[in-house]
Amino acid sequence: MEKESKDIRKLDTDVDKMRIRRKDSEHLKVKENVFDEATLKALYDLARKGVIESLGGSISTGKEANVFLAEGKDKNIALKIYRISSSTFNSMDEYIRGDPRFSNIRHKKKDIIFAWTKKEYRNLMRARECGIAAPRPIDTHKNILAMEFIGEGDKPYPLLKEVKLSEQSAQTIFGTIIHYLELLYSEAKLVHGDLSEYNILLDPSTLEPYLIDMGQSVTLEHPSANDFLKRDIRNLARHFKKYGIQPDEEELLRIITEKQRDK
């Protein structure tokens, strides 16, 4: 118990160092919002397993989670920490409630967040098994997901929304993403559920798109799966319209779902 307390204090010190490196007002709130005692203990458990060796700075902040850079055994990894205190519980519950994989989950906030973290781990695993470019999940524990860091050195790849493309490159990337949605639907039996230019990373060298933020992804049995897929298609069509791409959304829906319908 004494050793555990010492290791938790060390992680707490890592958090404080991170705050010193990033002193703007937004990052001064990070510790209070993210690193409660339960989360520090979960970090310690992952450190004891050898998943993480040290915690780095913030990569991104979302509605439900913060993503941090961390050192793994031999390379950088990404740690996604869902905020127990401030997560938008109701929006999570909507996606969990219709997913048969989580039918036995109690609808308490902490249980939903822990289930959501496992859900993203499983969704990423299923996506990658079907050949989709997405972060490789490494481990999950309570409200923390450890996964492959998508970037170069300690710099993450840019979001699709941050990259200006030629029309030719945009056409290629658009085609790749639609192919990924087809694989996700027909092979992984999933719908992303929250896809947009904010949830796609782009390798600046190869222009390979990576699908991220798959906590919202649902199985095809989910009662809202079709509506979520239509929304994903609509978001993509809106973004790529500025590159002169004018897709027929109904035709894209047919292409993505055709293989599954024929089975």
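The figures follow:
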| item | result |
| --- | --- |
| Residue match in the range 95-107 (condition: outside any helix (DSSP H, G or I), at pLDDT below 95, under 18 Å from the mean Cα position of the chain (by Cα) and farther than 21 Å from residue 39 by Cβ) | yes |
| Selection count where residues are in contact with a Leu (Cβ under 9 Å, 6 or more places away or on another chain), at pLDDT below 95 and surrounded by 19 or more Cβ atoms within 10 Å (Cβ to Cβ), scope the range 71-85 | 1 |
| Tally of residues being of a type in the set (Ser, Thr, Tyr) and crowded, with 22+ Cβ neighbours inside 10 Å across the range 204-240 | 1 |
| Neighbours by Cβ (under 6 Å, 6+ apart or cross-chain): first from the range 135-162, assigned to a loop (DSSP other than H, G, I, E, B); second of a type in the set (Asp, Glu) | 135/148; 136/148; 157/203 |
| So residue 183, is it surrounded by 15 or more Cβ atoms within 10 Å (Cβ to Cβ), in the same structural domain as residue 208 (by TED's automatic domain parsing) and part of a helix (DSSP H, G or I) | yes |
| Flag if residue 117 is touching a Lys or Arg at 6+ places or on another chain (Cβ under 8 Å) and more than 25 Å from residue 228 (Cα to Cα) | no |
| Residue match in the range 33-50 (condition: under 24 Å from residue 199 (Cα atoms) and at pLDDT 80 or above) | yes |
| Residues that are under 12 Å from the mean Cα position of the chain (by Cα) and surrounded by fewer than 21 Cβ atoms within 10 Å (Cβ to Cβ), drawn from the range 126-136 | 136 |
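The values are calculated or read from the model by the stated rules, or taken from the named source; none is laboratory data. Model, not experiment: these values are computed from the prediction. FYI the Cβ positions are ideal-geometry reconstructions off the backbone, even for glycines, and counts take in every protein chain you see.
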